[in-house]
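The values are calculated or read from the model by the stated rules, or taken from the named source; none is laboratory data. Keep in mind the model is a prediction, meaning the values are calculated, not measured. Cβ placement follows ideal geometry from the backbone for every residue including glycine, while neighbour counts extend to all protein chains displayed.
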């Protein structure tokens, strides 16, 4: 009986392309990990506020991890799902497939002046907010595309003549990995470009005109569970049957299918997202409305708070400050009473996201004394990440969304002391899934759904999601108010 069941078992490849690394995981249909591989790659910071990466290096890192997990695999792959960092922009030559400029990463702030000029035009910001659910900010793709077309020689002329293609990372991967060289995106990623109308889930002619972007360079918008093309690798051929942006993927991976269910992902940045079902929720607290998922012709929406620096801050402690050699060491360096001895950290390496949306502010450390230690600074950095999360929860409360517990995922949630700190600061129970890489799990589940291997009711039963990992133990509200005071002085 077991042998027959094993022979009928289906295997799914999940590609998780993140800001600083690429990961490939083979799951069986019950969400058991069969094989996995990860490769980091470098970001470049050529100017103040600029963040870039080599698109070929991103692609190579994905191909390498795919080859690693398929090498020697005794199973056929039934389907593939892709999840990816959102808003990052690649523009490439259609005939050669070569990028005309480095990938401009979502954290990049070079288009601040462009966005500010657009804000000065009558009612333009309101129109963009009404149509896209987004705030006019360099974070999103549109101004990045415009910058490339305006600053790379002959780029605009080539774009108008149809010689160029634009894509966020999933589109660039689909183009390069599929036999068909399809130029496609999904509705979640398209909703982060600032060029898609949330209501129609189509490219908006008025928005394209605002940012002076020719429609011909844009990919086709598809449902998340569509078929995006087929991959050939290691003697196998299998379809891509699911594509979804990383934060929406984590929401899906955490089984947040009902109105008001939410998760918070602690990766390079931190992103808290709540399901609002068929409702496009208009935030009064400067949060973002976005597509949560599009299955077939049915679109569900979400409300999101975006924090630009979370894991980035820990990498800074590791790489630039050299306070430890491995991020896992940081857990033992957080003060057990969460006391940073008066030090407060503002983690604005590339500006601040929700609810401030300030692209000019930069990071700072306050309250350093002669006896301040490495431990104090590390504790302050982790507290700042938790404080930013509390700001988002406060914003959700203003929008009428209350939080009784929080599902968390991402690399940082392996740190048990951070989870306890987070619970104390939020005064909220913290729940962690059995597999913390919920973005990859979401890509796996979307691919299962798109391939028809499982339906949505069967998918809801996969995995464990409600194990409470931390409950509030001490009150840290005074620390939060002090941090807020320093932050306000910097804004």
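Report yes if some residue within segment 334-344 is surrounded by 19 or more Cβ atoms within 10 Å (Cβ to Cβ), in contact (Cβ under 8 Å) with a residue 24 or more places away in the chain and not in a loop (DSSP other than H, G, I, E, B); otherwise report no.
Yes, there is a match, as at least one residue in segment 334-344 is surrounded by 19 or more Cβ atoms within 10 Å (Cβ to Cβ), in contact (Cβ under 8 Å) with a residue 24 or more places away in the chain and not in a loop (DSSP other than H, G, I, E, B).
Which condition breaks for residue 272 when tested against (1) farther than 18 Å from residue 428 by Cβ; (2) buried (at least 24 other Cβ atoms within 10 Å of the Cβ); (3) at pLDDT 90 or above?
Of (1) farther than 18 Å from residue 428 by Cβ; (2) buried (at least 24 other Cβ atoms within 10 Å of the Cβ); (3) at pLDDT 90 or above, only one is false for residue 272: (1).
If you take the residues in segment 279-291 that are farther than 18 Å from residue 189 by Cα and surrounded by fewer than 18 Cβ atoms within 10 Å (Cβ to Cβ), which one is nearest to the chain's Cα centre (by Cα)?
Applying the filter and picking the extreme gives 286.
Residues 377, 436: which one is farther than 14 Å from residue 272 by Cα, surrounded by fewer than 23 Cβ atoms within 10 Å (Cβ to Cβ) and over 23 Å from the mean Cα position of the chain (by Cα)?
From the options 377, 436, the qualifying one is 377.
Give 94, 121 a once-over and let me know the one that is more than 24 Å from residue 308 (Cβ to Cβ) and free of Cβ contacts under 8 Å to residues at least 12 places away in the same chain.
One residue alone meets the criteria, 121.
For residue 127, all conditions in the list (1) surrounded by 19 or more Cβ atoms within 10 Å (Cβ to Cβ); (2) part of a helix (DSSP H, G or I) hold save one; what is the number of the exception?
(1)
Being in contact with a strand residue (DSSP E or B) (Cβ under 8 Å, 6 or more places away or on another chain), more than 23 Å from residue 23 (Cα to Cα) and free of Cβ contacts under 8 Å to residues at least 40 places away in the same chain is the filter here, so list the residues in segment 402-451 that pass it.
404, 431 - these are the residues of segment 402-451 that are in contact with a strand residue (DSSP E or B) (Cβ under 8 Å, 6 or more places away or on another chain), more than 23 Å from residue 23 (Cα to Cα) and free of Cβ contacts under 8 Å to residues at least 40 places away in the same chain.
Looking for whichever is closer than 24 Å to residue 13 by Cβ, over 14 Å from the mean Cα position of the chain (by Cα), assigned by TED's automatic domain parsing to the domain that holds residue 140 and at pLDDT 95 or above here; the options are 228, 211. Which one fits?
Going through 228, 211 in turn, just one is closer than 24 Å to residue 13 by Cβ, over 14 Å from the mean Cα position of the chain (by Cα), assigned by TED's automatic domain parsing to the domain that holds residue 140 and at pLDDT 95 or above: 228.
Could you identify the single residue in 296, 267 that is within 20 Å of the chain's Cα centre (by Cα) and either under 17 Å from residue 188 (Cβ atoms) or modelled with pLDDT under 90 (or both)?
It is 267.
Please pick out the residue among 148, 169 that is surrounded by 24 or more Cβ atoms within 10 Å (Cβ to Cβ), at pLDDT 95 or above and within 27 Å of the chain's Cα centre (by Cα).
169
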